[in-house]
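Colleague: Let me begin by handing over the structure; questions about it come next.
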Amino acid sequence: MIEDLKQDAEERMQKTLVALQGSLNKIRTGRAHPSLLDGIKVSYYGSDTPLSQVAAINIEDARTLSVVPWEKNIVPDVEKAIMKSDLGLNPSTAGAVIRIPLPMLTEETRQGYARRAKQEAESSRVSIRNIRRDVLADIKELQKEKEITEDDERRAQDDIQKITDRFVAEVDKMLAAKEADLMEI
């Protein structure tokens, strides 16, 4: 029973890390990377479709992405979706190829992106702690119902705390890597 709770906590905390990684990938660094465009949706035959499903996204050079839509008639829609995104990118179209030059990051924008990364990391830490709180409440409930002993409860609390510490350290590591990436010129 306690093992099930621990397993559930680990799975939920792992999902939090995956969500954090997705959020950090959306924060732009100085280099071109296809995952930068992951959050962009294109109106495709009446439904919002992820850009990666309607076009090929490639890295042309360190500061340029190229997007080649599968169908030529959606080039204006793709260009419009990129411009509407909150990434501050200005695509230029040459035939069926959309090139997206990434401007150099100023020190001020780097610091702004670093602040955003810190906020994302902190919300992930809070989420992990909330998961810990939920699991500890379940463990206390088991102890109240006399399904486990006090010693088992204490051991389980220690184990849950160790799991929490491990995932919080992983969040810190991901944040440090993103900050180093942002501050690199």
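Where a number appears in this text, it was derived from the coordinates with a stated rule and is not lab data. Every value quoted in this text rests on a predicted model; they were computed, and no experiment measured them. Here the Cβ is made from the backbone with ideal geometry for all residues, glycine too, and neighbour counts use every protein chain on show.
Colleague: Output the residues belonging to region 1-34 that are exposed (fewer than 14 other Cβ atoms within 10 Å of the Cβ), farther than 21 Å from S123 by Cα and without any contact (Cβ under 8 Å) to a residue 60 or more places away in the chain.
Modeller: E3, D4, Q7
Colleague: Right, here's the next one. Does region 63-71 contain at least one residue that is out of contact with any strand residue (DSSP E or B) (no Cβ under 6 Å at 6 or more places or on another chain), hydroxyl-bearing (S, T, Y) and either surrounded by 13 or more Cβ atoms within 10 Å (Cβ to Cβ) or on the phi > 0 side of the Ramachandran plot (or both)?
Modeller: Within region 63-71, none of the residues are out of contact with any strand residue (DSSP E or B) (no Cβ under 6 Å at 6 or more places or on another chain), hydroxyl-bearing (S, T, Y) and either surrounded by 13 or more Cβ atoms within 10 Å (Cβ to Cβ) or on the phi > 0 side of the Ramachandran plot (or both).
Colleague: Mind checking which residues of region 71-122 are hydroxyl-bearing (S, T, Y) and under 30 Å from L17 (Cα atoms)? Spell out the reasoning first.
Modeller: The initial filter retains those residues of region 71-122 that are hydroxyl-bearing (S, T, Y), namely 85, 92-93, 106, 109, 113.
Within region 71-122, S85, T106, T109, Y113 meet the criteria.
Colleague: Select, from D158, D152, the only residue that is in contact (Cβ under 8 Å) with a residue 24 or more places away in the chain and either more than 16 Å from K15 (Cα to Cα) or buried (at least 18 other Cβ atoms within 10 Å of the Cβ) (or both). Steps first, answer last, please.
Modeller: Details: D158 fails: in contact (Cβ under 8 Å) with a residue 24 or more places away in the chain.
After ruling out the rest, the residue left standing is D152.
Colleague: So, one more: Is it the case that region 44-57 has a residue that's surrounded by 14 or more Cβ atoms within 10 Å (Cβ to Cβ), among the charged types (D, E, K, R), over 30 Å from I139 (Cα atoms) and without any contact (Cβ under 8 Å) to a residue 40 or more places away in the chain? Break it down into steps so the answer makes sense when it comes.
Modeller: To start, the set of residues in region 44-57 that are surrounded by 14 or more Cβ atoms within 10 Å (Cβ to Cβ) comprises 44, 49-52, 54-55, 57.
Among the residues that remain, those that are also among the charged types (D, E, K, R) are: none.
Scanning region 44-57, I find no residue that is surrounded by 14 or more Cβ atoms within 10 Å (Cβ to Cβ), among the charged types (D, E, K, R), over 30 Å from I139 (Cα atoms) and without any contact (Cβ under 8 Å) to a residue 40 or more places away in the chain, so the answer is no.
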